[in-house]
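Notes follow once the structure below has been shown.
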Amino acid sequence: MNRISHIAASLIFFFCHSTSHGAKISPLFTPLPSLTAKQLAVIVNDSDPLSKQTADYYQIKRQIPQANIIHVRFDSNTDSLSKNAFVNLKQEVTAKTPKDVQAYVLTWLKPFRVDCMSITTAFASDFDQGFCANVCQESRKSPYFASDSQKPYTDFGWRPTMVLAGRTLNDVKQLIDRGVASDFTRPQGTAYLLKTKDQARSSRAIYFPAIVKTFAGLWPVHYLEQETIENKNDVMFYFTGLMHVPNIQTNTYLPGAIADHLTSAGGILSGSDQMNILDWIEAGATASYGAVIEPCNYPAKFPHPGVLLHYYIRGNTLIEAYWKSVWEPGQGIFVGEPLANPFGSPPVTQGH
C-alpha cells in the first residue's frame with residue numbers, strides 16, 4: 001500500500017464530467033429503474049449447510065423464482081478455488097442460468113477467491129488473468145463502471161455478483177432483513193468521508209472535496225479529517241482508510257447503509273491481521289467491499305463514493321450502485337444484500 005494511483009486526478013474529472021458512455025453525469029438524480037428479483041440468480045453450494053439455509057431464507061424474503069435457484073456442489077473448506085476448478089463450476093452455473101438473469105448472488109463465506117482474483121468478479125465476468133495485478137500494477141477495468149446500463153449482462157456480458165454471507169446464520173438473516181426493510185424508504189441519512197492519518201490508505205480521499213461540492217444541497221456529505229466517527233445515528237454511507245476502524249459498533253447504520261475501509265486485506269473473509277469487512281456487516285451495514293489479495297492503494301480498485309451515491313440515490317439497487325463504483329474490481333469482493341433499494345420506487349401495480 002505504498003503508491004497513490006496516478007489516475008486519481010483523471011478519475012475525479014471522469015466522475016465530474018462523464019460516464020463510461022461519454023454522457024454528462026447530472027446532479028439532478030434522474031430516477032433509474034432497478035434490478036428485480038426475477039433478474040437475480042441465487043447460487044447455492046449444497047455441500048455447505050449455511051449456504052443452503054441462506055438461500056432458503058433469501059428466496060422467501062425476496063420471492064426469488066425457483067428457476068433462479070442454482071444448485072452446485074464443491075468443497076467449502078478452502079479460501080480459494082483453483083482456476084481449473086472455477087472454470088468447471090462456472091460452466092455448470094452458466095448452463096443452469098435463465099437467460100433473463102442479469103446478476104448473481106453467492107450464498108457462502110468460503111471460498112472467496114479464485115486464484116489471484118475475487119470470486120465475485122470471477123463469477124461476474126469469468127476468470128481473467130488481466131484482473132490480477134502483478135505486484136503493484138493496475139488491472140483490467142470494468143465496462144459497467146459509472147454506467148447507466150440497466151442490463152449489464154445484455155450490454156456487456158457481465159453479471160455483477162455479490163456474496164450474501166455472514167459468520168453465523170443469524171448474521172445473514174439480519175443482513176437480509178435490513179436489505180428488505182430498506183426498500184423505498186428514502187432514508188434521511190448522512191455520508192461520512194474520512195481522511196485519516198494513514199496516508200497510504202487515504203488515497204481515495206483526493207476525491208472527497210469534489211464529492212462534497214457535487215452533492216451540496218442534494219445529500220448531506222461530510223468530509224472529515226479524523227480517525228473515526230462514533231455515536232452517529234444517521235450513517236447511510238461511511239468510507240474511510242485504515243487497517244482497523246475503531247468504534248464502528250457505536251454507530252447506527254440505516255437499513256441499506258454501505259460502509260468500507262480501504263486496506264490490503266479487508267476482503268479475506270477467513271480472517272487476517274487487518275479488519276474484516278464482515279465486521280461492518282455485524283455492526284449493521286447492509287454491504288461492504290474489501291480486497292482479497294494485495295491490490296496496493298490504487299483508488300480505482302476500491303469504491304468511488306461519489307459514483308456510488310450518484311447511482312444509489314437515483315434508485316439503483318445496492319448491487320448495481322456498488323458495482324458501478326469500482327473501475328478495477330478484480331481483486332475486491334462485494335458482500336451484502338444485493339436487492340436493497342432504499343431510494344427506488346415501488347413497482348407500479350396494474351389496475352383491475
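FYI, it's all coordinate maths here, none of it is from the lab. Everything quoted here is computed from the prediction, not taken from an experiment. Neighbour counts run over all protein chains shown; Cβ positions are idealised from the backbone, glycine included.
Values computed for the structure shown
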{"read-out": "Built amide H within the under 5 Å cut-off of Lys195, gap 5+", "value": "Leu224, Glu225, Gln226"}
{"read-out": "Projected label distance in nm at His222 and Arg73, using a 7 Å step from Cα toward the beta-carbon", "value": "5.2"}
{"read-out": "Volume of the Cα convex hull of the stretch 85-193, divided per residue and given in Å³", "value": "175"}
{"read-out": "Under 27 Å from the Cα of Lys52 - lysines, other chains or at least 8 residues apart", "value": "Lys38, Lys61, Lys83, Lys90, Lys96, Lys99, Lys110, Lys173"}
{"read-out": "In Hz, Karplus ³J(HN,Hα) per residue of the stretch 109-118 (6.51, -1.76, 1.60; θ = phi - 60°; x = Gly, Pro)", "value": "8, 10, x, 10, 9, 10, 6, 9, 9, 6"}
{"read-out": "The chain - charge dipole about Cα centre, Lys and Arg +1 at Cβ, Asp and Glu -1, debye rounded to 20", "value": "640"}
{"read-out": "Contact order normalised by residue count of the stretch 8-336, Cα under 8 Å, 6+ apart, percent", "value": "20"}
{"read-out": "Spread of Cα-to-Cα distances over 20 Å intervals beginning at zero, given as percent, for the stretch 8-336", "value": "35, 61, 4"}
{"read-out": "Cα→Cβ-extended label distance, 7 Å offset, between Arg167 and Thr250, nm", "value": "2.0"}
{"read-out": "The chain - mean residue ellipticity at 222 nm from DSSP helices (-39,500 (n - 2.57) per run, n ≥ 4, rounded to 500)", "value": "-7500 deg cm²/dmol"}
{"read-out": "In nm, spacing of pseudo-spin labels at Ser345 and Ile60 (7 Å Cα→C-beta vector)", "value": "3.3"}
{"read-out": "Nonlocal amide H pairs with Asn297, under 5 Å, H built at 1.01 Å", "value": "Asn2, Arg3"}
{"read-out": "GNM top mover of Ala259, Ala165, Ala216 - the chain, alpha-carbon springs below 10 Å", "value": "Ala216"}
{"read-out": "Table column - 3J(HN,Hα) (Hz), the stretch 265-274, Karplus curve with 6.51, -1.76, 1.60, x for Gly and Pro", "value": "9, x, x, 7, 6, 8, x, 7, 7, 10"}
{"read-out": "Nonlocal amide H pairs with Gly256, under 5 Å, H built at 1.01 Å", "value": "Thr286"}
{"read-out": "Local electrostatic count at Arg140 - Lys and Arg +1, Asp and Glu -1, tallied over other residues with Cβ under 12 Å", "value": "-2"}
